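Enquirer: This is the structure I want to talk about, given as structure tokens.
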Amino acid sequence: MADGAGTFTAKVASGSSGGTVELHLDSADGALIGTLPHYQYRRGK
């Protein structure tokens with residue numbers, strides 16, 4: 001059985017057109033294990 005999270009939740013914001021959320025092991029400079037694109041959300045008028 002593996003240790004650690006099986007899922008995660010992120011609430012993100014960007015002042016531009018989006019970007020990428022990076023998932024790292026153990027710390028911000030740990031091994032990169034995944035990415036999640038973040039797209040700009042525009043509310044309707």
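The values are calculated or read from the model by the stated rules, or taken from the named source; none is laboratory data. Because the structure is a prediction, the values reported are computed rather than measured. Cβ: placed from backbone, ideal geometry, glycine included. Neighbour counts: every protein chain shown. Calculation scope for accessible area: heavy atoms of the full protein, side chains included, ligands and nucleic acids excluded. Shrake-Rupley method; radii C 1.70, N 1.55, O 1.52, S 1.80 Å.
Enquirer: Got a number for residues in the stretch 10-29 being open to solvent by less than 70 Å² (accessible area, probe 1.4 Å), within 13 Å of the chain's Cα centre (by Cα) and of a type in the set (Gly, Ala, Ser)?
Expert: So the count comes out to 4.
Enquirer: Considering only residues that are among the hydrophobic types (A, V, I, L, M, F, W, C) and in contact with a Leu (Cβ under 6 Å, 6 or more places away or on another chain), look in the chain and name the one that is modelled with the highest pLDDT.
Expert: ALA31
Enquirer: Sticking with this one: Which pairs turn up if I take residues in the stretch 30-43 that are farther than 14 Å from THR9 by Cα and look for partners that are modelled with pLDDT of 80 or more with beta carbon separation below 7 Å, at least 6 apart in sequence or on another chain?
Expert: Once the first residue is farther than 14 Å from THR9 by Cα and sits in the stretch 30-43, its partners that are modelled with pLDDT of 80 or more give GLY30/HIS24; ALA31/HIS24; ALA31/LEU25; LEU32/GLU22; LEU32/HIS24; ILE33/LEU23; ILE33/HIS24; ILE33/LEU25.
Enquirer: Among (1) in contact with a Gly (Cβ under 6 Å, 6 or more places away or on another chain); (2) open to solvent by 90 Å² or more (accessible area, probe 1.4 Å), there is one condition LEU32 misses while meeting the rest; what is its number?
Expert: Condition not satisfied by LEU32: (1).
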